[in-house]
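Report on the structure given below.
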């Protein structure tokens, strides 16, 4: 009896020792592509580490995050955020008809999807309505870490019992050691799960489209693409750059919210107005990045446009007035930017130069060969 | 983030010292000895017809009969100098000498200059509205909010001097319509201004404002200089603006930007308080 006890004491001592010695995470520095912002949205209490990112990648792809183990009811981030579609579910998804996902309960998400591209540079607000932002008085709604908790609990997504999730992962052989390496404790918490996944999401960087290579002087755009580029960048052309960035802002989004003139009546309770309570924000949503549009149909928060052509037609002649329309929609008087069919084709050709195919097959972002068990 | 900021601080310190050195070498510029003393605090105020500028309310009117509201106002001020005796001036280099103001973000209303201006009596202050050619360099601001002021390469590059977004209407209109009162580098077109292939040159539209009113910089004192933008002047000093004259905006209409900038020369006032 005494002997057994001694062994346990000894082994627990040993374990303690291990704990202190094994927590030496390797710092991970984001490589900032040419002309990308230097300002990164990484909270002080969650520095990026190789170990954190590795763990985050496992969790991102692990359907047990929903607290369930039955293959039919498991759900992971990757159930909806699919790499080959630039991390949206895709318009031809077999289950999520038309690209509109629903949660484990069958309740559809409040909006269509947003891709996960270059999110580490978003310093002003996540989600379509910008509800998750640094400095939010609601300290639970400030960053990617908080989105994970949100996703896990709401009925439109995982609707998980977070206690069950913790217990489930604690019992899996592979995970406690990974948490130990990433955070210095093998006790699994939802907080650390959020931190790890957020770290992984921050590595999802796209900066290798044809346009990027053009800006780096490596390739030339063809004449249609160049004409489209000029249209995109000029006030008397398509006038897209004021909200979607461009040569001076390679994210192709300001990450700010605008009402871009789609409607005159607004019924969505989750627009930007719901966040700011400023009546000028009624019907306003974040101008999403235009990178990888080739993969991210359907478009807009409500998925109303199925193709890029439909989007361009809308900006060309479909604008409608409302009191809160953005003052940047200055072609409103003529219903839009009035592009000819040829100009529309050129603008589309330019938008497609923002396609980064290496991003959607980058193995570092993909499903790990084997999940911990 | 904190670590990042301290990095920026260190980096800008190094940069500042470089700037100081180059000032020193340049014979026309007075040598600046860095002191904790004699700091200037610039304070930015936005008025319309003498009252605090209100956003998003249709309460303003131009002499041409346009009603308007202001929705956004963002701009750059740069090249501040304090002057005394003729030919002697001191260029303020804090924050690279460039300050960005968002009239809806109070945190941008104060600019504390840490250069340590030598004490003495100065007779005037001058600054550049926008960015001069040497400073208006594309891609210099990778981070928001300054980044979002970028001016497309094809239209001359660099940054908007000012973005004033507004909505306006006249008596024949029912709904207020957007107008982007945006200023930056202008283009000369040989023909149609919708065709950028016909651009034959670029025009710098920035201008300098100088205010003569003597003030003292004293050791261990903060001199406050209040810079006021009188919004109505942009539309109504030298050139009465009628928004319907510019259905396509003014970014690609040099005459429009020229008229606006002529008005802008009258839009600023400076006051200094001790």
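Couple of notes before you dig in:
- The conditions of being surrounded by 17 or more Cβ atoms within 10 Å (Cβ to Cβ) and in a loop (DSSP other than H, G, I, E, B) are met by residue A:207.
- The condition of being buried (at least 19 other Cβ atoms within 10 Å of the Cβ), away from chain B (no Cβ under 14 Å) and on the phi > 0 side of the Ramachandran plot holds for residue A:87.
- Unique residue being at pLDDT 95 or above and part of a loop (DSSP other than H, G, I, E, B) when the list is A:38, A:78: A:38
- Qualifying residue in the range A:291-299 (condition: surrounded by fewer than 22 Cβ atoms within 10 Å (Cβ to Cβ), part of a loop (DSSP other than H, G, I, E, B) and touching a strand residue (DSSP E or B) at 6+ places or on another chain (Cβ under 7 Å)): yes
- Total residues in the range B:221-263 satisfying the condition of being part of a loop (DSSP other than H, G, I, E, B) and either within 14 Å of another protein chain (Cβ to nearest Cβ) or farther than 30 Å from residue B:199 by Cβ (or both): the figure is 9.
- Within the range A:252-277, the set of residues being under 17 Å from residue A:354 (Cβ atoms) and either crowded, with 24+ Cβ neighbours inside 10 Å or more than 9 Å from chain B (Cβ to nearest Cβ) (or both) comprises A:252, A:253, A:255.
- Which numbered condition residue A:310 misses (of (1) in the same structural domain as residue A:272 (by TED's automatic domain parsing); (2) crowded, with 20+ Cβ neighbours inside 10 Å): (2)
- Close contacts from the range A:37-65, counting a first residue that is in the same structural domain as residue A:89 (by TED's automatic domain parsing) and on the phi > 0 side of the Ramachandran plot and a second that is surrounded by fewer than 22 Cβ atoms within 10 Å (Cβ to Cβ) and not in a loop (DSSP other than H, G, I, E, B), with Cβ to Cβ under 8 Å and a gap of 6+ residues or different chains, come to none at all.
- Residues (out of contact with any helix residue (DSSP H, G or I) (no Cβ under 7 Å at 6 or more places or on another chain), assigned to a loop (DSSP other than H, G, I, E, B) and either surrounded by 21 or more Cβ atoms within 10 Å (Cβ to Cβ) or not assigned by TED's automatic domain parsing to the domain that holds residue A:293 (or both)) located in the range A:210-249: A:235, A:239, A:245
- Against the numbered list (1) at pLDDT below 95; (2) not assigned by TED's automatic domain parsing to the domain that holds residue A:148, residue A:70 comes up short only at (2).
- Inside the range B:162-197, residues that are assigned to a loop (DSSP other than H, G, I, E, B), in contact (Cβ under 8 Å) with a residue 60 or more places away in the chain and at the interface with chain A (Cβ under 9 Å from one of its Cβ atoms) make up a count of 2.
- Against the conditions (1) part of a loop (DSSP other than H, G, I, E, B); (2) farther than 24 Å from residue B:241 by Cβ, residue B:131 satisfies every one except (2).
- For the range A:161-190, filtering for residues that are touching a residue at least 40 places away in the same chain (Cβ under 8 Å), surrounded by 15 or more Cβ atoms within 10 Å (Cβ to Cβ) and assigned to a helix (DSSP H, G or I) leaves 12.
- Taking the range B:164-194 as the range and being within 13 Å of residue B:246 (Cα to Cα) and in contact with a helix residue (DSSP H, G or I) (Cβ under 8 Å, 6 or more places away or on another chain) as the test, the residues that pass are B:168, B:177, B:178, B:179, B:180, B:181.
- Boolean, residue B:107 is within 12 Å of chain A (Cβ to nearest Cβ), closer than 30 Å to residue B:222 by Cβ and either more than 13 Å from the chain's Cα centre (by Cα) or crowded, with 19+ Cβ neighbours inside 10 Å (or both): yes
The values are calculated or read from the model by the stated rules, or taken from the named source; none is laboratory data. Just so you know, these numbers come straight off a predicted model, no measurement behind them. Don't worry about glycine lacking a Cβ; one is built from the backbone with ideal geometry, like all the others, and counts go over all protein chains shown.
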